[in-house]
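The values are calculated or read from the model by the stated rules, or taken from the named source; none is laboratory data. Since the structure is predicted, the reported quantities are computational estimates derived from the model, not experimental observations. Backbone-built Cβ (ideal geometry, glycine too); neighbour counts: all protein chains shown. Accessible surface areas use protein heavy atoms only, side chains included; no ligands, DNA or RNA. Shrake-Rupley method; radii C 1.70, N 1.55, O 1.52, S 1.80 Å.
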Amino acid sequence: MTIETGYNFGYLDENTKRMIRRALLKAVAIPGHQVPFGSREMPLPYGWGTGGIQVTASVIGPQDRLKVIDQGADDTTNAVSIRRFFAKVAGVATTERTSGATIIQTRHRIPEVKLREGQILVYQVPMPEPLFRLEPRVSETRRMHALADYGLMHVRLYEDIARHGHIAISYNYPVMVGGRYLMSPSPIPAFDNPKMHRMPALQLFGAGREKRIYAVPPYTSVQSLDFEDHPFQPIRANAACALCGARDSYLDEVVTDDKGGRMFVCSDTDYCNTRQAAREAAE
Amino acid sequence: MSELTPGFADPVLGAQSCFRAILEAMSRPGRLQRVAGIDQPPAPLGVAAAATMLTLADADTPVWTDAGRAAEDWLRFHAGCPLVASPAEAAFLLATGRMPALATLAQGSEEEPHRSATLIVEVRTLAETVGWKLTGPGIETEHRLQVAGLPADFLRQWAANRRGFPRGVDVVLTAGPWLAALPRTTRIEEA
Ligand SMILES: [Zn+2]
């Protein structure tokens, strides 16, 4: 194991890790409730997932294998930087394979492959408060969470239905956790919401700028808000992946040339690569 | 002052590994986790109880304990935590004799339910294929847990603790190197 000298294991000092660890345990004990923590300055700018990085840094150990994805891809600048950061400050092994990772830090997606026990999914969260667009006063949103008074969110969804005929939220679609707390799933596509429900892996959420941590324990109910006559419907482009042929994965539309050519490909690069390799092997 | 035994052999990795055991225990209530890293915990503490305290307690967390002078000195030295006489004022409680009643501990508020106590109880034995039936978040269908060494009215106290959700106390049970957790969400039925 090689750890660059001059860093504590995992970059954070032990006092900070202890404080974050205490917050994580309370977050797990109260599923969906936002626990404040004393966020530290990290050597990466906000927007680069400093909340997720602090959670990962407080959890990770030499036995772990870390995967980092950004919009489903392992090879973006953001994902590569975070992976290198942990290889440097914790000496941990990294991987691009979802099934081989013990910790997966993510921004904007949940992997397509079903996660299992023994894995921890760490979300980078820009805005933890699901009610912030509807009620900017923190004292008020705290009161609403205390009373489980989420009428404001139902009204907002109902207005969507009145205006568009359906709920027009494709990202960051609000969920109820354990039947009690309204929670932001972070800006994942609504398509991914059902994967959170009773997931065997532990889900941890870190918001660095807003200094909040929250969690969904394994096998916990996560329901997307909806109405009886307008049930939640995860949306996906009606196409097959141009590279692997998948019809069940979340697709990104990519521009292929400067003449307006486009195609749909899996957003989850590991899922797509694995399927392509399997197809080639079968041929 | 009696001679102090060491804390974690490796303070950084010892705490990390113990934290993962506690996080896993809290995420999967009733499942047993084994903790190592402290060779000689002060009597009457087992390895898991001692390691849990060093992993979570520090100068910011008032601690209550009934474990006696040697353990108090050890905690003060290695964790640097203030020790308090009143259970209601503690963030962490470490009970080796009769545990304080759950209702007397910090419950948090409706707005800040996380500002509640965590009670660590050293019990005689823990076993996970028999005993109570646990259900709730973290449990796919049901987990079993058998505990020897809790007060006779524990289940009644626990039911009241659950009714206060989201307020309430979280419990870590330790027996030697083993630990299991009961977050406030866990339902317990007698077998
Ligand atoms: Zn594909």
Rounded to the nearest 500, the 222 nm mean residue ellipticity computed for chain A from DSSP H runs (n ≥ 4, each -39500 (n - 2.57)) alone is -9000 deg cm²/dmol
Nearest 20 debye, what's the magnitude of the dipole of segment A:236-283 about its Cα centre given +1 on Lys and Arg Cβ and -1 on Asp and Glu Cβ? 180 debye
Taking 41 Å as R0, compute the FRET efficiency from the Cβ-Cβ separation of B:Arg124 and B:Ala103 and round it to 0.05. 0.95
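Could you list the trypsin sites (Lys or Arg not before Pro) in segment B:86-138 that lie in coil according to DSSP, counting only those with at most 15 other Cβ atoms within 10 Å of their Cβ? Please list the in-between numbers first.
Values: sites: B:Arg98, B:Arg115, B:Arg124, B:Lys133; in loops: B:Arg98, B:Arg115, B:Arg124.
Within segment B:86-138, the qualifying trypsin sites (Lys or Arg not before Pro) (loop, at most 15 other Cβ atoms within 10 Å) are B:Arg98, B:Arg115, B:Arg124.
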Protection proxy (average C-beta count within 10 Å per residue), highest first, orders A:160-170, A:233-243, B:18-28, B:179-189 as B:18-28, B:179-189, A:233-243, A:160-170
Given Cα pairs under 8 Å that are at least 6 residues apart, what percent is the relative contact order of chain A? 21 percent
Out of B:Gly164, A:Val59, A:Met199, whose Cα points farthest toward the positive end of the dipole of the protein assembly as shown (charges: +1 Lys, Arg; -1 Asp, Glu; placed on Cβ)? B:Gly164
Semi-axes a, b, c in Å (a largest) for segment B:32-185, each sqrt of 5 times a Cα gyration tensor eigenvalue, come to 23, 20, 13
Give me the accessible area buried between chains B and A, both sides summed, with a 1.4 Å probe, in Å² rounded to the nearest 100. 3200 Å²
Amide N of segment B:119-136 lying under 17 Å from the label point, which is placed 7 angstrom from the Cα of B:Ala148 along Cα→Cβ: B:122-132
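Need one value for B:21-31: mean number of C-beta atoms belonging to other chains within 10 Å of its residues' C-beta atoms.
Shielding by partners across B:21-31 averages 5.
Quick one: Kirkwood hydrodynamic radius for the protein assembly as shown, alpha-carbon pairs, angstrom, one decimal? Don't skip to the end; give the middle numbers.
Values: mean 1/r = 0.0428 Å⁻¹.
Taking the inverse mean of 1/r over all distinct Cα pairs, the protein assembly as shown comes out at 23.4 Å.
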Give me the dipole magnitude in Debye, nearest 20, for chain B about the Cα centre, with unit charges on the beta carbon: positive for Lys and Arg, negative for Asp and Glu. 520 debye
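Using Cα pairs under 8 angstrom and six or more residues apart, how large is the relative contact order of segment A:1-142, in percent? Each step should come with its number before you reach the end.
Values: 199 pairs, mean separation 35.0, N = 142.
Over segment A:1-142, the number comes to 25 percent.
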As I understand it, the dipole of segment B:1-135 uses +1 on the Cβ of Lys and Arg and -1 on the Cβ of Asp and Glu, about the Cα centre. Which of B:Gly131, B:Phe8, B:Thr104 lies farthest toward its positive end? B:Gly131
In debye, nearest 20: dipole of chain A around its Cα centre with unit charges on the Cβ of K, R (+) and D, E (-)? 860 debye
Spatial separation of Cα centroids for segment A:109-137 and segment A:79-102, in angstrom: 20 Å
Which lysines, on any chain, are close to A:Lys17 with Cα under 24 Å apart, when same-chain ones fewer than 8 places away are left out? A:Lys26, A:Lys67, A:Lys88, A:Lys211
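Can you give the net charge of the other residues whose Cβ lies under 13 Å from the Cβ of B:Leu119, counting K and R as +1 and D and E as -1?
The answer is -1.
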Dipole axis of chain A (+1 Lys, Arg; -1 Asp, Glu on Cβ), positive-most option in A:Pro111, A:Tyr7, A:Gln233: A:Tyr7
How high is the relative contact order of segment A:236-283, in percent, counting Cα pairs under 8 Å that sit 6 or more residues apart? 35 percent
Rounded, prolate or oblate: which fits segment A:201-247, taking a ≥ b ≥ c as square roots of the Cα gyration tensor eigenvalues, rounded meaning a/c under 1.5, else prolate when a/b beats b/c? oblate
Restricting the count to DSSP beta bridges whose residues both fall in chain B, what percent are antiparallel, rounded to a multiple of 5? 55 percent
Residues of segment A:262-283 with backbone nitrogen within less than 13 Å of a virtual label 7 Å along the Cα-to-Cβ line of A:Arg236, please, listed as ranges. A:265-268, A:272
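In a shell of Cβ-Cβ distance under 14 Å around A:His230, excluding A:His230 itself, what net charge do Lys and Arg (+1) and Asp and Glu (-1) give? Could the numbers behind the result be given before it?
Numbers: positive: A:Arg156, A:Arg163; negative: A:Glu159, A:Asp160, A:Asp226, A:Glu228, A:Asp229.
Neighbour charge sum, excluding A:His230 itself: -3.
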The aspartates and glutamates whose Cα lies under 12 Å from the Cα of B:Lys133, excluding any fewer than 8 residues away in the same chain, are B:Glu142, B:Glu189, B:Glu190
Go ahead and collect, in residue order, the members of segment A:102-139 whose backbone nitrogen is under 18 Å from a label point 7 Å along the Cα-Cβ direction of B:Thr141. A:117
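Can you tell me how chain A classifies by the Cα gyration tensor, rounded, prolate or oblate, using a/c under 1.5 as the rounded cut? Write out the running numbers ahead of the final one.
Numbers: a/c = 1.80, a/b = 1.03, b/c = 1.75.
It is oblate, given that a/c is not under 1.5 and a/b is not larger than b/c.
Can you order the peptides A:250-262, B:152-164, B:41-53 by their average number of other Cβ atoms within 10 Å per residue, highest first? It would help to have the intermediate numbers written out before the result.
Numbers: A:250-262: 11.5, B:152-164: 14.8, B:41-53: 24.0.
Highest to lowest by the protection proxy: B:41-53, B:152-164, A:250-262.
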Taking A:Lys114 as the anchor, which aspartates and glutamates have their alpha carbon closer than 12 Å to its alpha carbon, excluding any fewer than eight residues away along the same chain? A:Asp192
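For an R0 of 41 angstrom, estimate the FRET efficiency from the Cβ-Cβ distance between B:Arg163 and A:Asn8 and round to the nearest 0.05. All intermediate terms of the calculation are to be shown ahead of the outcome.
On the way: r = 42 Å, r/R0 = 1.03.
That pair, B:Arg163 with A:Asn8, gives E of 0.45.
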